[in-house]
Amino acid sequence: MNRHQVQNGRYTADVDGQFVVFIIGMRFNKLWKIHKWIGAFVAMPRMLRELQRSPDKGMLGARMSWGGRTITVIQYWRGFDDLEAFAKNPSDPHLPAWRAFNRRVGKSGDVGVYHETYRVGSGQHESVYVNMPVMGLAEATTSVPVGKRRDTARERMVR
């Protein structure tokens with residue numbers, strides 16, 4: 001199916017077991033200081049490409065969005081151990097990029113970065129996509145039609 005093709009009807013994400021949601025972002029506090037933020041700006045797409053080429057590293061999927069001065073990436077991971085291993089491995093692109101960011105930007109305030117990590121247990125998530133392309137958690141895992149025993153948010157949540 002084409003990534004942008006709309007699935008008519010109601011769908012939900014089918015996920016077995018726990019997973020991790022990792023939200024990471026960058027804010028351009030001083031837009032004119034391109035030399036400060038360009039490194040971080042180009043590093044994230046590089047990291048995502050590496051992770052997509054290497055599914056054994058544990059990232060299930062990701063989606064990037066831009067609003068105002070902030071870029072946000074929502075990532076879905078198989079588990080926290082996979083996320084942490086990628087972040088700390090000097091052979092993977094994150095650690096060198098993080099070190100470069102700290103050298104270039106440090107506490108200057110020119111560029112802001114943030115992240116949030118959520119471990120989601122089995123049966124502790126719910127999703128519904130109506131007349132939407134496959135996206136989000138459903139894109140990272142499996143998109144299935146909403147049907148019997150999945151008709152309401154509560155039924156999807158306690159599954």
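The values are calculated or read from the model by the stated rules, or taken from the named source; none is laboratory data. Note that the structure is a prediction, hence the values are computed from the model and not measured. As a convention, Cβ positions derive from the backbone with ideal geometry for all residues, glycine included, and neighbour counts pool all protein chains shown. Heads up: the accessible areas ignore ligands, DNA and RNA and are worked out on the full protein's heavy atoms, side chains in. Shrake-Rupley method; radii C 1.70, N 1.55, O 1.52, S 1.80 Å.
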Report task. Give me the pairs, please: first residue somewhere in segment 115-142 and surrounded by fewer than 17 Cβ atoms within 10 Å (Cβ to Cβ), second residue anywhere and assigned to a helix (DSSP H, G or I) and modelled with pLDDT under 90, beta-carbon distance under 8 Å, and either six or more positions apart or on two chains. Result -> GLY123/MET157; GLN124/MET157; VAL128/ALA153; VAL128/ARG156
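Residue-by-condition table, conditions (1) over 26 Å from ALA153 (Cβ atoms); (2) without any contact (Cβ under 8 Å) to a residue 60 or more places away in the chain; (3) open to solvent by less than 90 Å² (accessible area, probe 1.4 Å); (4) β-branched (Val, Ile, Thr):
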{"residue": "ASN8", "(1), (2), (3), (4)": "no, no, no, no"}
{"residue": "GLY17", "(1), (2), (3), (4)": "no, no, yes, no"}
{"residue": "LEU48", "(1), (2), (3), (4)": "yes, yes, yes, no"}
{"residue": "THR72", "(1), (2), (3), (4)": "no, yes, yes, yes"}
Report task. Say whether the condition of being touching a helix residue (DSSP H, G or I) at 6+ places or on another chain (Cβ under 9 Å) and acidic (Asp, Glu) is met by at least one residue in segment 110-118. Result -> yes
Query raised in the report: Would you pick out the residues in segment 52-64 that are within 26 Å of TRP37 (Cβ to Cβ) and of a type in the set (A, V, I, L, M)?
Result: MET59, ALA62, MET64
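From the list SER122, SER127, which residue is within 29 Å of TRP66 (Cβ to Cβ), assigned to a loop (DSSP other than H, G, I, E, B), of a type outside the set (A, V, I, L, M) and under 21 Å from the mean Cα position of the chain (by Cα)?
SER127
Considering only segment 105-122, I want to know if a residue exists there that is within 20 Å of TYR11 (Cβ to Cβ) and at pLDDT below 95.
Yes.
Is it fair to say ARG156 is touching a residue at least 40 places away in the same chain (Cβ under 8 Å), at negative phi and either surrounded by 14 or more Cβ atoms within 10 Å (Cβ to Cβ) or not in a strand (DSSP E or B) (or both)?
On the way: touching a residue at least 40 places away in the same chain (Cβ under 8 Å): yes; at negative phi: yes; either surrounded by 14 or more Cβ atoms within 10 Å (Cβ to Cβ) or not in a strand (DSSP E or B) (or both): yes.
Judged against the criteria, ARG156 is a match.
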Query raised in the report: If you go through segment 102-114 one residue at a time, how many are touching a Lys or Arg at 6+ places or on another chain (Cβ under 9 Å) and open to solvent by less than 80 Å² (accessible area, probe 1.4 Å)?
Result: 7
Requested in this report: Scan GLY67, GLY79 and give me the residue that is closer than 23 Å to LYS36 by Cα and open to solvent by less than 60 Å² (accessible area, probe 1.4 Å).
Outcome: GLY67
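Out of curiosity, is HIS94 open to solvent by 40 Å² or more (accessible area, probe 1.4 Å) and touching a residue at least 40 places away in the same chain (Cβ under 8 Å)?
On the way: open to solvent by 40 Å² or more (accessible area, probe 1.4 Å): yes; touching a residue at least 40 places away in the same chain (Cβ under 8 Å): yes.
Judged against the criteria, HIS94 is a match.
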